[in-house]
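The values are calculated or read from the model by the stated rules, or taken from the named source; none is laboratory data. Computed from a prediction, not measured in an experiment: that's the story for all the values here. No Cβ is skipped: glycine too gets one built from the backbone with ideal geometry, and neighbour counts run over all protein chains shown.
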Amino acid sequence: MSELSVNHLLGIKYLKEQDIQLIFETADHFKEVINRSIKKVPSLRDITIANIFFENSTRTKLSFELAEKRLSADVINFSASQSSVKKGETLIDTVNNILAMKVDMVVMRHPNPGAGIFLSKHVKASIVNAGDGAHEHPTQALLDSYSIREKLGDVSGKNVVIVGDILHSRVALSNIFALKLQGANVKVCGPKTLMPKYIEALGVTVESDLRKALNWCDVANMLRIQNERLDISYFPSTREYTQQFGVNKKLLDSLDKEIVIMHPGPINRGVEITSDVADSKQSIILNQVENGVAIRMAVIYLLASKIK
């Protein structure tokens with residue numbers, strides 16, 4: 001398979017397993033590029049990409065911007081918090097105004113689930129979903145799976161537990177889709193109040209005991225507690241959450257085996273994981289950041305090659 005089966009990256013649930021493998025093989029190539037002394041390739045010299053962020057983001061935005069510049073694309077950055085959106089302009093108006101500037105691709109983060117899907121039906125540009133509400137965050141799931149593949153050789157057959165706020169997490173949903181598509185076994189672990197009702201319908205098992213989950217898994221993906229999305233209290237206190245679902249070095253060292261620790265960032269140090277876990281040799285958090293640029297280069301490159 002030499003090209004993606006989709007024209008947009010709206011969510012993992014629209015991809016085939018071959019799409020994921022193609023993205024990974026392309027990312028392998030770009031990973032070599034970003035480790036050279038000259039880190040740029042002229043692949044997208046004639047492509048213009050607009051990064052439109054209706055929600056704050058530092059890591060994802062920087063990662064996309066770096067990926068675009070490494071591919072020599074022309075980049076426009078648009079932050080909705082300082083724009084006409086505040087004056088009531090609609091999403092389609094905003095994007096059509098940007099497309100009138102002859103933009104080929106839009107990378108968008110939006111607080112509303114499905115915003116990217118809606119946009120893809122109304123504008124003539126390739127859309128990359130950089131996170132839509134609590135729905136999906138496909139490039140994060142791709143870089144997470146890619147990091148597991150790099151560390152353990154393959155994703156298929158691996159046991160992965162996703163720990164934390166599953167209910168509000170687009171990272172969790174995209175990861176579940178991506179991991180299941182590649183043949184991994186997935187469990188979720190966290191407070192009952194932060195588990196979606198339908199979660200087992202996605203083919204994952206709920207485990208309420210963190211130690212059992214960690215002893216079962218090869219990889220633990222520790223999610224951030226999203227205080228900005230928790231409009232009501234889902235657990236008594238951060239301290240209690242940490243006691244039940246936080247990972248510290250003592251707990252890690254007491255397990256029957258050595259597991260891999262991941263985190264999509266930014267980390268609440270001392271809440272989901274302690275600093276000595278985040279900075280330990282079992283953690284691949286910084287590898288995830290580096291791989292994020294290679295994965296986003298691969299996605300943008302493959303989508304751009306379909307723009308006619």
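When you go through L71, L44, L119, L66 one by one, which is the residue that is surrounded by fewer than 19 Cβ atoms within 10 Å (Cβ to Cβ), of a type outside the set (F, W, Y) and within 20 Å of L303 (Cβ to Cβ)?
Of the residues listed, the single one that is surrounded by fewer than 19 Cβ atoms within 10 Å (Cβ to Cβ), of a type outside the set (F, W, Y) and within 20 Å of L303 (Cβ to Cβ) is L66.
For V107, which of the numbered conditions (1) of a type outside the set (D, E); (2) surrounded by fewer than 24 Cβ atoms within 10 Å (Cβ to Cβ); (3) in the same structural domain as L62 (by TED's automatic domain parsing); (4) within 27 Å of I284 (Cα to Cα) fails to hold?
Going through (1) of a type outside the set (D, E); (2) surrounded by fewer than 24 Cβ atoms within 10 Å (Cβ to Cβ); (3) in the same structural domain as L62 (by TED's automatic domain parsing); (4) within 27 Å of I284 (Cα to Cα) one by one, V107 breaks only (2).
Select from region 167-189 the residues that are modelled with pLDDT under 95 and part of a loop (DSSP other than H, G, I, E, B) and write down the one among them that is farthest from the chain's Cα centre (by Cα).
L167
Within the set of pairs 6+ apart or on separate chains, which have a first residue in region 2-30 that is of a type in the set (K, R), a second that is not in a helix (DSSP H, G or I), and C-beta atoms under 7 Å apart?
Listed by first residue and then by second, the contacts come to K16/S5.
Taking K249, is it touching a helix residue (DSSP H, G or I) at 6+ places or on another chain (Cβ under 6 Å), surrounded by fewer than 19 Cβ atoms within 10 Å (Cβ to Cβ) and of a type in the set (D, E, K, R)?
Yes: the conditions hold for K249.
All but one of (1) loosely packed, with under 13 Cβ neighbours inside 10 Å; (2) within 21 Å of the chain's Cα centre (by Cα); (3) in the same structural domain as I295 (by TED's automatic domain parsing) hold for S5, so report the exception by its number.
Here S5 meets the rest and fails (3).
I'm trying to understand the selection: among the residues of region 1-37, which are part of a loop (DSSP other than H, G, I, E, B) and either hydrophobic (A, V, I, L, M, F, W, C) or touching a Cys at 6+ places or on another chain (Cβ under 7 Å) (or both)?
Passing the criteria: M1, L4, V6, L10, L15.
Scan (1) crowded, with 24+ Cβ neighbours inside 10 Å; (2) small (G, A, S); (3) closer than 23 Å to T58 by Cα for the single condition A178 breaks and write down its number.
Condition not satisfied by A178: (3).
Is there a residue in region 183-194 that is among the basic types (K, R) and surrounded by 22 or more Cβ atoms within 10 Å (Cβ to Cβ)?
no
Somewhere in region 198-207, is a residue assigned to a loop (DSSP other than H, G, I, E, B), in contact with a Lys or Arg (Cβ under 7 Å, 6 or more places away or on another chain) and surrounded by fewer than 18 Cβ atoms within 10 Å (Cβ to Cβ)?
Yes, because at least one residue in region 198-207 is assigned to a loop (DSSP other than H, G, I, E, B), in contact with a Lys or Arg (Cβ under 7 Å, 6 or more places away or on another chain) and surrounded by fewer than 18 Cβ atoms within 10 Å (Cβ to Cβ).
Name the residue that is farthest from the chain's Cα centre (by Cα), counting only residues in region 110-134 that are closer than 20 Å to D74 by Cβ and at pLDDT 95 or above.
Ranking the qualifying residues of region 110-134, first place goes to S126.
Going through region 122-152 one residue at a time, which ones are farther than 14 Å from G11 by Cβ and either small (G, A, S) or surrounded by fewer than 23 Cβ atoms within 10 Å (Cβ to Cβ) (or both)?
If the condition is that a residue be farther than 14 Å from G11 by Cβ and either small (G, A, S) or surrounded by fewer than 23 Cβ atoms within 10 Å (Cβ to Cβ) (or both), then H122, V123, K124, A125, S126, S145, S147, R149, E150, K151, L152 are the ones that fit.
Out of curiosity, is K39 modelled with pLDDT of 95 or more and either of a type outside the set (S, T, Y) or surrounded by fewer than 17 Cβ atoms within 10 Å (Cβ to Cβ) (or both)?
So K39 fails the test.
Would you check if T58 is in contact with a Pro (Cβ under 9 Å, 6 or more places away or on another chain) and either modelled with pLDDT under 90 or farther than 15 Å from T139 by Cα (or both)?
When the stated conditions are applied, T58 passes them.
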